[in-house]
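I have placed the structure first, in the form of structure tokens, so that the comments after it can refer back to it.
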Amino acid sequence: MNPNQPTRRRFLKNGAALAGLAVGAAAGSRPASAEPGEERIDELHKHGERSHFVQSVRAGSINNPERRLPGEPSDVALKTPLQDSTGIVTPASLHYIVSHGYEPPDIDPKQHRLLIHGMVDRPLLLSLEDLQRLPSVSRFYFIECHGNSTTAGPGGAARRSPDATVQQTHGMTSCSEWTGVPLSLLLKQAGVQKGATWIIAEGADANKHSKSIPLGKALDDALVAYAQNGEPVRPEQGYPLRLVVPGWQGINNVKWLRRIDLVDEPYMAMMEVSRYPRLLPDGKSRWFEFEMGPKSVITRPSGGQRLPVPGFYEISGLAWSGAGAIRKVEVSTDGGQTWKDARLQEPVISKAHTRFSLPWNWDGEQALLQSRCTDENGVVQPTLAQVAEHWGTSVDYFRETSLIISDLNAIQPWKINRDGSVKNALF
Amino acid sequence: MRFSKLLAATAVLAASAAAQAQMPSYKNVGRTPTKQQIQAWDISIGPDGKGLPAGSGTAAQGAPIYAAKCAVCHGADAQGGKIGPELAADKAAFKTLTTLKPVRVVSTYWPYATMVWDYINRAMPRNQGGTLTANQVYALTAFILYKGSIIRESDVMDARALPKVQMPNRNGFVPARFSDIPDEHKRGCRQGICP
């Protein structure tokens, strides 16, 4: 038991009393008192809302056949409006969602338990309250769907369309501050036995999504998170517990986490072996690809926007890599003939979105804007032609196949027309 | 090489020593689950069949269960419907995996028959996962494998037989050895893509 715990509780209580005091003072309706006047706070004051002038919303579909509105098109995800993003944090309310067709379960945190078992000396059953008593960490990490920015398969049409927005092409990545307990701490408590090499992480959703993750990663930087951006993880993001597996394909970040089984081989769960392997034209599938490669995209100006007049604009965008920190971002305004180093905005954090910018004077002529990033290992974001070469196939394959292109991190060009319109120019 | 191994070993020793030293400070956090609790929650089935329970079923036994519980989403013939994907295709469809429109369904793509049992048991029918008996799950697994021309209608599927079923795409995955999977960098993966 942490001896500081009661002190912290007392502090929180005092903080609440102080907050009540401040509201009372501002209202000026009664003398200052140590009693919180909670009954006098209206709903808007209790939990703030953004201005009704702000229209930025997720787009796409929750992809749940029962919840879909009549005539609502099926999409693979609800995507983050990256064109409106600033800084590196995604509001939890705008975090992308891939639901695999299911509703978020309605979980009572008092009933929820995390079971750690299998090849351990001391199996553990933990409540949310137990986890909140343990030493916590808060870390910024992006989570990205492996199918983000695909050129083919379900959701791929946007990346081929000249009219696509950056939300449609790249909106399946989001970045949050995650707070929770390092999984390594829990595994050490349970005592991992010799011979255990994998964990199976399982959620409490309707299809009990499960995922095999190598033990090395679980002990390295995986996090059992109960908070996101300073509030409890939202139901659609895994309330009350989400496993955060930094830098790895989104599918590993198991929501509604209820069980971790220590085993000695991957367990070939449905998602990881039926939909997520990368099937290449030779008929062979690359399975258990985990780490998302270095990727960047200009979010402003981006597809669907319009530059009203020639003149000054700050080019701004996001870069990230599953391998670590972003070391450099370069921007070209002439279709890749020349490149300039963009400014990286602090903080630059490993496995988190990094904001970059470059001042630019648009002369009113046609321009082709693109960014490419380099991560801390010196790995450079490739062009689509380079990806094709790396895969041993042709660029045509990327628009002709019926499969989602997994882990596609090709450079994204945006074309600025003379009338100021911005178009997707990947193909 | 040997030096780095030694370093790693030292790091492991140090880490476990640190864990030992830390442990008393986390006293009374969490409970020890009972054996029954673990058994009730542990639904994972290994590719080798580890965890498969007693029970059995055939495709013939599975047909009426499928018609009653599965056909509404997956189609009368496992051909797929508005809600559920296609489950079984003609054996010739396996050859489409090298084309631009691969038929990637249970019978043509999944490498292990045990996965079929695991997923039906945990997740099916939709929003009613865990309601089928072990016998029903064996029978439904057999039905899908039969529809994919992988086993015969009368073949009995149980904890011994199911792991031995040869799925057509069993050798379609790289790397082939499980022990080669965890270290992506050793595998030569670059930019998130593995060769």
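Every number here is computed from the coordinates shown, using simple stated rules; none is lab data. In this text, all values refer to a predicted model and were calculated from it rather than measured experimentally. Positions of Cβ are generated from backbone atoms using ideal geometry, with glycine treated the same way; all protein chains shown enter the neighbour counts.
Using θ = phi - 60° in the Karplus curve 6.51 cos²θ - 1.76 cosθ + 1.60, the 3J(HN,Hα) couplings for the stretch A:368-383 round to 10, 9, 7, 10, 9, 10, 10, 9, 5, 8, x, 7, 9, 4, x, 7 Hz; x is entered for Gly and Pro.
The stretch between residue B:27 and residue B:82, if pulled fully straight at 0.36 nm per residue, gains 14.6 nm over its current Cα-Cα span.
Summing Lys and Arg as +1 and Asp and Glu as -1 over all other residues whose Cβ lies under 14 Å from the Cβ of residue A:414 gives a net charge of +4. Shown in residue order for the stretch A:235-243 are the 3J(HN,Hα) couplings computed by the Karplus curve 6.51 cos²θ - 1.76 cosθ + 1.60 at θ = phi - 60°: x, 6, 9, x, 3, x, 9, 10, 7 Hz (x for Gly and Pro).
Distance between the modelled labels on residue A:161 and residue A:52, one decimal in nanometres: 3.0 nm (7 Å Cα→Cβ projection).
Remark: spin-label model distance residue A:265-residue A:419 equals 6.1 nm, labels positioned 7 Å along the Cα→Cβ axis. The phi torsions of the stretch A:114-121, fed into the Karplus equation with coefficients 6.51, -1.76 and 1.60 and a -60° offset, translate into couplings of 10, 9, 10, 8, x, 7, 10, 6 Hz, rounded to whole numbers, with Gly and Pro shown as x. If the chain linking residue A:110 and residue A:427 were pulled fully straight, counting 0.36 nm for each residue of separation and taking away their Cα-Cα distance, it would gain 108.9 nm. Sparse packing (at most 10 other Cβ atoms within 10 Å of the Cβ) combined with a DSSP loop state is found for the following trypsin sites (Lys or Arg not before Pro) in the stretch A:147-213: A:194. The residues packed around residue A:393, meaning those with a beta-carbon under 12 Å from its beta-carbon, carry a net charge of -2 if Lys and Arg are +1 and Asp and Glu are -1.
Relative contact order (percent) for the stretch A:92-278, with alpha-carbon contacts under 8 angstrom and 6 or more residues of separation?
28
Find how much the distance from residue B:131 to residue B:92 grows on full extension, using 0.36 nm per residue of separation minus their present alpha carbon separation; answer in nm with one decimal.
Details: separation 39, 0.36 × 39 = 14.04 nm, distance 3.39 nm.
Result for the pair: 10.6 nm of gain on full extension.
Under the √(5λ) rule applied to the eigenvalues of the Cα gyration tensor, what semi-axes describe the equivalent ellipsoid of the stretch A:92-278? Give them in Å, descending.
Values: eigenvalues 165, 71, 41 Å².
Square roots of five times the eigenvalues give 29, 19, 14 Å.
For the set A:208/A:295; A:211/B:50; B:91/B:147, the pairs lying more than 19 angstrom apart at their alpha carbons are A:208/A:295. In this calculation the C-beta distance from residue A:341 to residue B:177 is compared with R0 = 60 Å, giving a FRET efficiency of 0.90.
Within 12 Å, Cβ to Cβ, of residue A:299, how many net charges do the neighbouring residues add up to if Lys/Arg are +1 and Asp/Glu are -1? Once positives and negatives cancel, what remains is 0.
Span-like helices, chain A: DSSP H, alpha-carbon axial extent 20 Å or more, mean Kyte-Doolittle 0.0 or greater, which ones? All intermediate terms of the calculation are to be shown ahead of the outcome.
Numbers: long enough: A:5-27 (34 Å, 0.13).
Helices passing the filter in chain A: A:5-27.
Can you give the % of DSSP beta bridges in chain A that are antiparallel, to the nearest 5? Kindly include the intermediate steps, with their values, before the conclusion.
On the way: 73 of 78 bridges.
Within chain A, antiparallel bridges account for around 95 percent of the total.
For residue A:228, the residues 5 or more places off, or on other chains, whose built amide H falls under 5 Å of its own are A:179, A:233. Note on chain B: GNM, Cα springs under 10 Å; of B:78, B:123, B:40, the largest mean-square fluctuation is that of B:40. How high is the FRET efficiency between residue A:234 and residue B:72 when r is their beta carbon distance and R₀ equals 25 Å, given to the nearest 0.05? Once the sixth-power term is evaluated, E becomes 0.20.
One compactness figure for the protein assembly as shown is 1.02, namely its Cα radius of gyration divided by 2.2 N^0.38 Å.
Under 5 Å from the amide H of residue A:300 lie the amide H atoms of A:316, each residue being 5 or more positions distant or on a separate chain, with H modelled from the backbone and absent for Pro and chain starts. Of A:203, A:303, A:283, the residue with the greatest mean-square motion in the GNM of chain A, using alpha carbon springs below 10 Å, is A:283. Within the listed set A:113, A:259, A:286, the Gaussian network model of chain A (springs between alpha-carbon atoms below 10 Å) gives the highest mean-square fluctuation for A:286. Mean partner shielding of peptide B:96-104, defined as the number of other chain Cβ atoms within 10 Å of each residue Cβ, is 5. With the helix formula -39500 (n - 2.57) applied to DSSP H stretches of n ≥ 4, the protein assembly as shown reaches a computed 222 nm mean residue ellipticity of -6500 deg cm²/dmol.
Hey, with R₀ at 51 Å, roughly what FRET efficiency would residue A:385 and residue B:155 work out to, going by the Cβ-Cβ distance, to 0.05? Please list the in-between numbers first.
Working: r = 49 Å, r/R0 = 0.97.
Efficiency at R0 = 51 Å is approximately 0.55.
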